[in-house]
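Engineer: One structure coming up, written as structure tokens, with questions to follow.
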Amino acid sequence: MSFNISTYPFFDNPWDFFINCENVKRGSPKSSQAFCNTATLNGILCAYFLIPIVLFNVVCNVINAVIFLHGYQHKTRQIVYLGVLALIDLCACLVEATLRLFPARGIPYATNGAIFFSISTTSRIGCKLYRSILSFIIILKGNILVATMLDRLLAIQFPLKFGKLTPRHAWYFVIINFGAAILMTIPIVILSDWTVFYKRIVCYERPSNLFQSLYYGLFSGECFIQTAINGILNGALLVKIYVWLRHRRKITTTSTQPTTMSCELSACIVLLIISGTTFLLSVPGALVIFFGVTERFDYDDIQPIIRLRISLILRDIFLIFIYMQPMFNTIIYIWRMEHFRLLFVCIIQGKPLHTVNRPCRNSSYVTHH
């Protein structure tokens, strides 16, 4: 059955990139130049830049996971967490980019709306399955990132107690977070469905009850709660780093613990950059969710729906930036972690990873924790 913009039943449609821009050219009062510009930018990014970004994302995350989980012969808890986070990032990128952004944003823009696919519009099961899988991955990523930061902070604050934990305990924590993510995804599985919004069918973009809206926005949509907790932990680590920097001259001239404190400082800098970037990139998506909950939509007023569409497009644009984060993470690892740098060079040169000798302690990453 063929559809057009007036008969298409879904809110998410292949004509978003073109209809509003045509209305702008005609001077229609129901048009928006900002909507046209952001939709065009999103279409260009998804059609022509998304696939290369996804490929780089896959390559960087695979390399990072192989190095952290296989290359390091003497793993630490932090190394385990970073390897797991690389795998989770890979899954999140593949699910979101291949099931929604490219087929529902990039291809329609490149084909002038002739080709469009969204798994959320295929069936109610497709809607529920997509939302559930993506929510689980995002929740798991947020939980693991919180566990990483909390482990790092406790290891620094209470080294005698938490320093005795081994990498095996890190895998226990990963399994616990995996189970917690499953439990936290159950409300999404139960409540996600097709619902009518603005006379169109949406898949969870505009939930039908307040609990679902708040839960999705706080936990699974953009992991707002997890990123907020990370912000607090980042603040605590910043205080620690500030104290270290004030005593850095003493640390570098003292012969007792210079290498240990240098490793701790390097570890905190890496985690601060990664978690801080994740927090900043997730804020726009969280704001979109809360905008959809708090905004009053009236069928006689088109401006709120235009603002909502602009917000959704901006969220997609920031998602593309999030997919670029593993590339910057890899650069940070190469810059701050000598052992990672040596293993990375081995992979590039096609040499076995076991040929890399473990570097000295002051060059490794968190050798004690």
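Engineer: Kindly evaluate Ala47 against the criterion of being in contact with a Ser or Thr (Cβ under 6 Å, 6 or more places away or on another chain) and within 24 Å of Ile19 (Cβ to Cβ).
Structural biologist: no
Engineer: Filter region 67-76 down to the residues that are more than 23 Å from Ile138 (Cβ to Cβ) and assigned to a helix (DSSP H, G or I) and list them by number.
Structural biologist: Selection gives Ile67, His70, Gly71.
Engineer: For Phe117, which of the numbered conditions (1) farther than 26 Å from Ile182 by Cβ; (2) part of a helix (DSSP H, G or I) fails to hold?
Structural biologist: Single failed check for Phe117: (2).
Engineer: Out of the residues in region 148-167 meeting the condition of being surrounded by fewer than 19 Cβ atoms within 10 Å (Cβ to Cβ) and polar (S, T, N, Q), tell me which one is farthest from Val80 (Cα to Cα).
Structural biologist: Top of the filtered list is Gln157.
Engineer: Here are Lys25, Lys30: which of them is among the basic types (Lys, Arg), more than 25 Å from the chain's Cα centre (by Cα), part of a helix (DSSP H, G or I) and surrounded by fewer than 17 Cβ atoms within 10 Å (Cβ to Cβ)?
Structural biologist: Result: Lys25 is the single residue among Lys25, Lys30 that is among the basic types (Lys, Arg), more than 25 Å from the chain's Cα centre (by Cα), part of a helix (DSSP H, G or I) and surrounded by fewer than 17 Cβ atoms within 10 Å (Cβ to Cβ).
Conditions tested, residue by residue: (1) part of a loop (DSSP other than H, G, I, E, B); (2) surrounded by 14 or more Cβ atoms within 10 Å (Cβ to Cβ); (3) at pLDDT 90 or above.
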{"residue": "Leu312", "(1), (2), (3)": "no, yes, no"}
{"residue": "Ile322", "(1), (2), (3)": "no, yes, no"}
{"residue": "Ile334", "(1), (2), (3)": "no, yes, yes"}
{"residue": "Cys346", "(1), (2), (3)": "no, yes, yes"}
{"residue": "Asn357", "(1), (2), (3)": "yes, no, no"}
{"residue": "Val366", "(1), (2), (3)": "yes, yes, no"}
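The values are calculated or read from the model by the stated rules, or taken from the named source; none is laboratory data. Please read all numbers here as calculations on a predicted model, not as lab measurements. Every residue, glycine among them, receives a Cβ derived from its backbone with ideal geometry; neighbour counts consider all protein chains shown.
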